[in-house]
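One structure is given below, encoded as structure tokens.
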Amino acid sequence: MNLEFLLNSFGERFGRSPRVFSAPGRVNLIGEHTDYNDGFVLPMALDRRTYVAAAPRTDGQIRCFSTAFPNEVLFALNPNLAPAHDWANHIRGVAACLLQDEFTLQGADLLIASDVPMGAGLSSSASLEVALGFALLTLANQPVDLVDLALTCQRAEQQFTGTQCGVMDQYIACLGIAGHALLIDCRNLEYRAVPLDLRQARVVVVNSQVKHDLATSAYNQRRAECEDGVRRLRGHLPDIQALRDVELEAFDHWAEALPDIVRRRCNHVITENARTLAAVEALEQHDLNRFGQMMFASHESLRHDYEVSCRELDLLVEIASQQPGVFGARMTGGGFGGCTVNLVAVGEVENFTNAITQEFEKQMGKQPACYVCQASDGVHEER
Ligand code: GLA
């Protein structure tokens, strides 16, 4: 991102200079659709970020521009702001939720710019929410607790988009650490930083460039099916609060009594939690082959049991699995389009991106986009 350009554009629009804040998008290495089941996830913060240039106003208004949209949006700060169908919906959401949390905010002039691809399942909206929340709190001299900020931004996403998302995306945008993935326990909201030793391999994200409809309703439906599973399993296992609490053996014992769909959804979540912990162990032992096996197994489970993959993602994983130097590949994020994440041996990255681009284009008639990623830091003020 060209910060000079951002500062100049802000100056031209608003006639003064701003402070600049930024937060990253994310790629999840493993642990998919586990966060809202109190489970484990292993995301890293991307080296692609959303930038919020901001200067305070004294009239309680938010006036915002984005480099991605032509129109200005202006509104007054108010805890009862309602969702609106424009690009600034997330901005209203975060402002309203911070006010509901009884923070005192000041109005602001804002200019937003981002190099996180939008609608690609790389959490561009979480990066905007978190950068903006951090900016509004800092401008108003309010204390920032990063876990609380993540929870507020998650609530904004839920209330203003209708997706009953978990906390992973906002959490990693707040707390990401350069050079590390975070093993997040989505129940107690603590993390363990897991070093990504990239001497041998790179994390390569491949964007299918497709986004299928119904992602929001299908996501909420999956969440409801998991909750249904917990209610039914509680008849046999009265102490469980969430699928996180169900041991694989106990599940195998009671699974047959569940309706087919609920059984498969639960099976994904319970095995995915186990895979995520096993993957972390493999990473800590520098065993990339085993880590990669967990990635492939995660994809199969998301495809068959959780049913959140699609033809394009399956094809990308299949092509990846046939390339030399690929340790593992899987869809990443909510699914129904978006991206895959691939762990590729350093010396094979170029071959990999060429081969997957060509083969995907041959079969689907469109090119995917490839990003070789570094794990970066969470939200901060740019100096
Ligand atoms: C989306 C949600 C996250 C998480 C993933 C699936 O990215 O925002 O909370 O549930 O899907 O793992």
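The values are calculated or read from the model by the stated rules, or taken from the named source; none is laboratory data. Note that this is a predicted model, so its numbers are computed, not measured. Positions of Cβ are generated from backbone atoms using ideal geometry, with glycine treated the same way; all protein chains shown enter the neighbour counts. Just so you know, the surface numbers come from the protein's heavy atoms only, side chains and all, with ligands and any DNA or RNA stripped out. Shrake-Rupley method; radii C 1.70, N 1.55, O 1.52, S 1.80 Å.
Determine how many Å³ per residue the convex hull of the Cα atoms of the stretch 3-194 encloses.
Measuring per residue, one finds 111 Å³ for the Cα hull of the stretch 3-194.
With only alpha-carbon atoms counted, please give the Rg and Dmax of the stretch 201-373, in Å.
17.5, 53
Counting only protein heavy atoms and a 1.4 Å probe, tell me what percentage of the stretch 201-373's accessible area is made up of carbon and sulfur.
Carbon plus sulfur share of accessible area: 45 percent.
Which of the GluC sites (Glu not before Pro) across the stretch 46-135 are loop residues per DSSP, with 16 or fewer other Cβ within 10 Å?
Numbers: sites: Glu72, Glu102, Glu129; in loops: Glu102.
For GluC sites (Glu not before Pro) across the stretch 46-135 that sit outside H, G, I, E and B with at most 16 neighbouring Cβ atoms in 10 Å, the list reads Glu102.
Can you compute the radius of gyration and Dmax for the stretch 133-268, using only the Cα atoms, both in Å?
Values for the stretch 133-268 (Cα only, Rg and Dmax): 18.7, 55 Å.
Treating only the Cα positions of the chain as identical point scatterers, give the base-10 log of I(q)/I(0) from the Debye formula at each q in 0.07, 0.15 Å⁻¹.
Those come out to -0.31, -1.31, one per q.
Before anything else, pin down the relative contact order of the chain: Cα pairs under 8 Å, at least 6 apart, normalised by residue count, whole percent.
Relative contact order here is 23 percent.
Net charge within 11 Å of Ser124 by Cβ-Cβ distance, Lys/Arg positive one each and Asp/Glu negative one each, not counting Ser124 itself?
The answer is 0.
Return the calculated 222 nm mean residue ellipticity for the chain, to the nearest 500 deg cm²/dmol, obtained by summing -39500 (n - 2.57) across DSSP H runs with n ≥ 4 and dividing by the residue count. Don't skip to the end; give the middle numbers.
On the way: 11 runs with 160 residues, N = 383.
Value at 222 nm, helices only, nearest 500: -13500 deg cm²/dmol.
Heavy atoms only, probe 1.4 angstrom, no DNA, RNA or ligands counted: give me Met295, Met1 ranked by accessible area, highest first.
Ranked list, largest accessible area first: Met1, Met295.
Can you pull out the chymotrypsin sites (Phe, Trp or Tyr not before Pro) in the stretch 312-383 that DSSP calls coil and that have at most 13 other Cβ atoms within 10 Å?
Working: sites: Phe327, Phe336, Phe352, Phe360, Tyr371; in loops: Phe336.
Taking the stretch 312-383 and a limit of 13 other Cβ atoms within 10 Å, no loop chymotrypsin sites (Phe, Trp or Tyr not before Pro) are found.
In whole angstrom, how far apart do the alpha carbon centroids of the stretch 205-261 and the stretch 293-339 sit?
Value for the Cα centre distance between the two parts: 19 Å.
For the stretch 24-65, with every protein chain kept in place, what is the accessible area per residue (1.4 Å probe, Å²)?
Details: 850 Å² over 42 residues.
Counting only protein heavy atoms, the per-residue value for the stretch 24-65 is 20 Å².
Counting Lys +1, Arg +1, Asp -1, Glu -1, what net charge surrounds Gln363 among other residues with beta carbon under 14 Å of its beta carbon?
-2
Run through the stretch 290-383 and list the GluC sites (Glu not before Pro) located in a DSSP loop whose Cβ has at most 14 other Cβ atoms within 10 Å.
Sites meeting the loop and neighbour criteria: none at all.
Net charge near Arg232, counting Lys/Arg +1 and Asp/Glu -1 over other residues with Cβ under 13 Å of its Cβ? It would help to have the intermediate numbers written out before the result.
Details: positive: Arg231, Arg234, Arg263, Arg265; negative: Glu225, Glu227, Asp228, Glu256, Asp260.
That sum, taken over residues with Cβ under 13 Å, equals -1.
Can you list the residues, at least 5 places off or on another chain, whose amide H is less than 5 Å from the amide H of Ala45, using H built in the peptide plane?
Residues meeting the criterion, in which the H sits 1.01 Å from N, are Ile177, Ser376.
Given Cα pairs under 8 Å that are at least 6 residues apart, what percent is the relative contact order of the stretch 10-146?
The normalised contact order for the stretch 10-146 reaches 30 percent.
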